[in-house]
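The values are calculated or read from the model by the stated rules, or taken from the named source; none is laboratory data. Just so it is clear, the model here is predicted, and its values are computed rather than measured. Cβ: placed from backbone, ideal geometry, glycine included. Neighbour counts: every protein chain shown.
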């Protein structure tokens, strides 16, 4: 790399790359980090764990007073680099990921804190020109994000089977807080001279993430009715909804186009291995098709091509493997000759961000980073959930986890779990040691 950078930024990049999502080093990335972080902030942020931390615990890591640490944490939260949330008694902080995180938040803000044109060009270089980030990070979309089908294209026969978490409308209805902000992707493309004409104020965030962005003036709080209007307008304009890949407490839904959206551009580049599809696929009925080609034109991932049929007419050929099941083609078909069909196998969606984070770590071979980066910060409940989740995985995923942690690490988790349970119950009620791993912990 030709760009010279200080050791604090190098350490920060190493810290970011330890997370399941990762951040491959490059000249462009270091220039981005130097804009977003001061040199001191970079050094301190490199010492933050991958999970939530309080100002008191940060102070111990940083060897600063709690007051000094809280001021630094609040400053990073003001920049959108950290998300903060209250657990009822104290405030916790966690570093936002790069994508669906502080990269976007730096562009969303309109207060002039950052030069959006300079950042946009650097982001374009890092994500649209270079290959490492797209392959390492956006290739993780099976765990980071998922698509939402246009609900009004669902056939009546399938409507009762659609789960609540598959509906973007339900995400809005159940959110505790909702914000809207600038679409990072289209705004970035505007500075490159490649933006389309779709609306930019359409990036929706929800619940804890939304509250943090609202508190720090990064995004605007809106009502549920206003959020429904944003969603309805985007659906009518043929935009695709791609959101947080969790069932509960969804953090974001982006309204994406195939020409600007980071996820959809990566999908077209990487192909169907990204698995960002919904539980639907587009099916061509071949009954009333006029051969207009509008479906192929509107498809955001180039899954439809017009081919000459036996009768000499041009008709759509749908690549079902490439199709993400968004419903855009069905919406625009003037003869209603394309219907959305339910897939036989429903895709796995983690229950919450905890499960998603663990699954992403397993998929990327970084589970050990997640656990042992801040082992002392894990609570009994978190250890219980982690171990229960690991033991509930399908054999192939469990084997991947075991290979990353190795048996002695599993033993350590089990032993720690046993000790914590023993302390908590104090002999009044025995923990469940029926699983072999619990027996290992008890025997040590």
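Quick look at the numbers
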| item | result |
| --- | --- |
| Residue in the range 100-117 that is farther than 22 Å from residue 209 by Cα, touching a residue at least 24 places away in the same chain (Cβ under 8 Å) and assigned to a helix (DSSP H, G or I) present | yes |
| Flag for residue 51 being in a loop (DSSP other than H, G, I, E, B) and more than 30 Å from residue 189 (Cβ to Cβ) | yes |
| Within the range 304-334, considering residues that are outside any strand (DSSP E or B) and farther than 25 Å from residue 146 by Cα, the one nearest to the chain's Cα centre (by Cα) | 334 |
| Any hit, the range 3-10, residues being part of a loop (DSSP other than H, G, I, E, B), crowded, with 18+ Cβ neighbours inside 10 Å, in contact with a strand residue (DSSP E or B) (Cβ under 8 Å, 6 or more places away or on another chain) and on the phi < 0 side of the Ramachandran plot | no |
| Which listed residue, of 134, 180, is under 26 Å from residue 360 (Cα atoms) and either buried (at least 23 other Cβ atoms within 10 Å of the Cβ) or in contact (Cβ under 8 Å) with a residue 12 or more places away in the chain (or both) | 134 |
| Matching entry among 52, 16 (being within 24 Å of the chain's Cα centre (by Cα) and buried (at least 21 other Cβ atoms within 10 Å of the Cβ)) | 16 |
| Residue in the range 335-342 that is part of a loop (DSSP other than H, G, I, E, B), modelled with pLDDT of 95 or more, over 25 Å from residue 244 (Cβ atoms) and touching a strand residue (DSSP E or B) at 6+ places or on another chain (Cβ under 7 Å) present | yes |
| Total residues in the range 356-371, condition part of a helix (DSSP H, G or I), crowded, with 18+ Cβ neighbours inside 10 Å and either on the phi > 0 side of the Ramachandran plot or modelled with pLDDT under 85 (or both) | 10 |
| Residue within the range 74-86 that is in a helix (DSSP H, G or I), in contact (Cβ under 8 Å) with a residue 60 or more places away in the chain and under 25 Å from residue 264 (Cα atoms) present | no |
| Residue 291 outside the structural domain of residue 147 (by TED's automatic domain parsing), without any contact (Cβ under 8 Å) to a residue 40 or more places away in the chain, in contact with a strand residue (DSSP E or B) (Cβ under 8 Å, 6 or more places away or on another chain) and farther than 28 Å from residue 96 by Cα | yes |
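Table: residues versus (1) touching a helix residue (DSSP H, G or I) at 6+ places or on another chain (Cβ under 7 Å); (2) surrounded by fewer than 16 Cβ atoms within 10 Å (Cβ to Cβ).
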| position | (1), (2) |
| --- | --- |
| 95 | yes, no |
| 101 | no, no |
| 111 | no, yes |
| 146 | no, no |
| 150 | yes, no |
| 172 | yes, no |
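Matching residues to (1) assigned by TED's automatic domain parsing to the domain that holds residue 264; (2) under 24 Å from the mean Cα position of the chain (by Cα); (3) farther than 27 Å from residue 188 by Cα:
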residue: 59; (1), (2), (3): no, no, yes
residue: 84; (1), (2), (3): no, yes, no
residue: 104; (1), (2), (3): yes, yes, no
residue: 114; (1), (2), (3): yes, yes, no
residue: 132; (1), (2), (3): yes, yes, no
residue: 147; (1), (2), (3): yes, yes, no
residue: 166; (1), (2), (3): yes, yes, yes
